[in-house]
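What follows is a short report on a single structure.
The values are calculated or read from the model by the stated rules, or taken from the named source; none is laboratory data. Quick caveat, the model's predicted, so the values are computed rather than measured. Reconstructed Cβ throughout: ideal geometry from the backbone, glycine too, with neighbour counts over all protein chains shown. Side chains included, ligands, DNA and RNA excluded: accessible areas come from the protein's heavy atoms. Shrake-Rupley method; radii C 1.70, N 1.55, O 1.52, S 1.80 Å.
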Amino acid sequence: MLYHQKQIDQLLENIEEEPERKSNEKIGISFIPVFYISLLLSVCMLFIEYKYFLLVLYAPTVILTLINPPLCEKKGVYRLFACVYLIILVVVTHFWLQV
């Protein structure tokens with residue numbers, strides 16, 4: 001009897017965790033179209049102003065992963081490195097425009 005009660009409690013815990021997991025998957029799936037759109041825009045940007053190419057290619061996906069990091073653990077560390085990468089990307093683009 002006690003064994004069955006523990007199984008029922010475990011099933012209830014799994015059901016309660018499902019909505020949280022689905023909301024994380026929705027943002028994780030949105031990464032793919034954002035990456036393809038930024039890839040397309042960066043190719044178009046090559047013909048308009050090639051110096052913005054790197055910023056247009058990588059910035060949208062980095063910003064999206066800042067909102068919801070792909071790592072379940074150590075999200076703060078991932079966000080820190082992503083912010084540093086984004087700042088470096090903006091600085092490099094700025095200096096490239098000065099040339």
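General observations
- Residue-wise HN-Hα couplings along the range 30-44, as the Karplus relation 6.51 cos²θ - 1.76 cosθ + 1.60 with θ = phi - 60° gives them from phi, are 5, 4, 5, x, 5, 5, 5, 5, 5, 5, 5, 5, 5, 5, 5 Hz; Gly and Pro carry x.
- Contour minus Cα-Cα distance for LEU97 and CYS72 (0.36 nm per residue): 5.3 nm
- Cα-based shape type of the range 34-99, given that a ≥ b ≥ c are square roots of the gyration tensor eigenvalues and the cut on a/c is 1.5: oblate
- Table column - 3J(HN,Hα) (Hz), the range 77-92, Karplus curve with 6.51, -1.76, 1.60, x for Gly and Pro: 5, 4, 5, 4, 5, 5, 5, 4, 4, 5, 5, 4, 4, 5, 5, 4
- Taking label positions 7 Å along the Cα-Cβ direction at both CYS83 and PHE35, the computed distance is 2.4 nm, reported to one decimal.
- Karplus-derived 3J(HN,Hα), 6.51/-1.76/1.60, for each residue of the range 64-69, Hz, glycine and proline x: 5, 6, 5, 5, 9, x
- Rounded to the nearest 10 square angstrom, THR61 shows an accessible area of 10 square angstrom against a 1.4 Å probe.
- Here the simple spin-label model places points 7 Å from the Cα toward Cβ, and for PHE47 and GLN10 these points are separated by 5.9 nm.
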